[in-house]
1. Could you tell me which of the pairs A:Lys19/A:Lys113; A:Lys56/B:Lys56; A:Lys56/A:Lys132; A:Lys56/B:Lys143 are separated by over 30 angstrom between their Cα atoms in the structure shown?
2. On average, how many beta carbons from a partner chain sit within 10 Å of the beta carbon of a residue in B:27-38?
3. Quick one: A:Lys118, A:Lys56, A:Lys106, fewest Cβ neighbours within 10 Å first, how do they rank?
4. Set the Förster radius R0 to 45 Å, insert the Cβ-Cβ distance between A:Lys106 and B:Phe20 as r into 1/(1 + (r/R0)^6), and round the FRET efficiency to 0.05.
5. Counting Lys +1, Arg +1, Asp -1, Glu -1, what net charge surrounds B:Pro173 among other residues with beta carbon under 11 Å of its beta carbon?
6. What's the average, rounded to a whole number, of partner chain beta-carbon atoms within 10 Å of each residue's beta-carbon in A:175-182?
7. Using helices alone, what [θ] at 222 nm do you get for chain A, with -39,500 (n - 2.57) per DSSP H run of 4 or more residues, divided over all residues and rounded to the nearest 500?
8. Can you classify region A:72-193 as rounded, prolate or oblate using the Cα gyration tensor, where a ≥ b ≥ c are the square roots of its eigenvalues, rounded means a/c under 1.5, and otherwise it's prolate if a/b beats b/c and oblate if not?
2 protein chains.
Amino acid sequence: MIPMKQQVRVLGIDDSPFKFGKGTALVVGALVRIPNYLEGIMRTEVTIDGLDSTEKLVEMISRSRYRDQIRLIMTDGIALAGFNLMDISSLHARLGIPVLSVTRDKPDLDTMKAALSKHFEDWERRYALVQKLPLRRIPTGHKPLFASGVGLDWKEFEELVQQSTVRGAVPEPLRVAHLIAAAMATGESYGRP
Amino acid sequence: MIPMKQQVRVLGIDDSPFKFGKGTALVVGALVRIPNYLEGIMRTEVTIDGLDSTEKLVEMISRSRYRDQIRLIMTDGIALAGFNLMDISSLHARLGIPVLSVTRDKPDLDTMKAALSKHFEDWERRYALVQKLPLRRIPTGHKPLFASGVGLDWKEFEELVQQSTVRGAVPEPLRVAHLIAAAMATGESYGRP
C-alpha cells in the first residue's frame, strides 16, 4: 500500500515517431509526481531497429539528478524506435528501480514473431525479450491495460498505475512522455481522447 | 470573472537555451487546461538575435488544431532566443487571442537599452518593443510577477495567472514549456524550486 501523501515519482518513457532511414529516434522520459505534476524531463536517442534501448535508458536514468527519487519506470510497451526491444529485467537489475511495461493493445505474439523472423537475423534474441515476462491485465475505468513488470508486487504496480491516471486509461507519465516526444518530432501533438 | 469549471486553456511559450553561433533556438508552446492538465504541445524555431519571433509564433499557433481553443497566450518575458523581441500587440491583433508577457524579475530598462544599443544597429526598433506596453505587478503567494498584457481586463489576466499556478509563482503553462524546451536542448531539465 503506497500512501497517497508520499511524494511518489514515476518516470514515463516513450519514443517519437521516426523516419525510416534516419539513424535514431528521440526517446523522452517524463518524471511525474503522482497524480500529474510534471517535475522533470530527460531525453536520449536510440537506434531505429537496433538493440541499444536498454543501454541508452540505463545511461539516461543513471546520469539524471532524479535517479534516486524514481519509484517506478513505466515504459510504453517493450520496444522503442521500431523493434529496439527493451530488457526490462535487466533495466531493473542495473538501476535498482522497478519497471513496468504498459500497453493499451494486447500484444499478438504470433504476429510479433512473424515480423521479427522476417526482418531480423537475430530474431530469436529479440523474440526472447518479447516473451521474457508474463503479461497481466490491469483494470482501469476504461479499457484494461496490459503490462509486464519487475520489482514490485503486482498490487503495487496496479496502485501506481491507478494513482498516476487522471483521464482515460493512460497513466500521466506515459501520456506526457508521448506528447513531448511526438511534438518534438512532428511539430505538434495532442492528448489522446 | 472566469468560472473555474469552464475548460480554460492557456498556451505557455518559452525558448530553449542555445549556443551562440547556432542559427536558431527551439521554442515550445505548452497548452494547459487550468490548473495543470497538459493537453498539447507545439514547437517552432526562431533566429537567435533575429526579429522573427512574432512571425514564427503567429505561424505556429495559426496552424495548430488548438487555435480556437486558446484563451490566453502567456510568454516568458518579451524576448526569445536572445534579443528576438516579440511584438505582443501584433501577436494579439493577428491571432485574436489575448497575450500576457510574464517575468519573475523586474526588467531593468536602462540595462536593456544599453545592451541593445551596444549590439544592434536597429536597437531603437527593438527598444521600442521593450517599451511598448506598461509593466504591471501581479501578486502571487510568493514574489510578485511582472507582466504586460493585451486583450483582456487586468483583473482577468490576474485570475488566469492565479488559476494556472500550482506551486511557487510560475504559472504551469510557462513552467512546463520551460521544462520541455530546456530538456530538448540540454538532455535534462527540472522544475525550479
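Rule-based calculations on the coordinates, nothing more; no lab input. Quick caveat, the model's predicted, so the values are computed rather than measured. With ideal geometry, Cβ positions are generated from the backbone for all residues, glycine too; neighbour counts draw on all protein chains shown.
1. Check vs 30 Å cut-off fails for A:Lys56/B:Lys56; A:Lys56/B:Lys143.
2. Values: counts 0, 3, 2, 4, 5, 0, 2, 0, 0, 4, 5, 10.
Whole-number average of other-chain Cβ neighbours for B:27-38 is 3.
3. On the way: A:Lys118 8, A:Lys56 20, A:Lys106 11.
Final ranking by Cβ density, sparse to dense: A:Lys118, A:Lys106, A:Lys56.
4. Details: r = 51 Å, r/R0 = 1.13.
Approximately 0.35, to the nearest 0.05.
5. Details: positive: B:Arg9, B:Arg33, B:Arg71, B:Arg175; negative: B:Asp14, B:Glu39, B:Asp76, B:Glu172.
That sum, taken over residues with Cβ under 11 Å, equals 0.
6. Working: counts 1, 4, 0, 0, 7, 10, 2, 2.
For this peptide, the per-residue mean of nearby foreign Cβ atoms is 3.
7. Working: 6 runs with 63 residues, N = 193.
Mean residue ellipticity at 222 nm (helix-derived): -9500 deg cm²/dmol.
8. oblate
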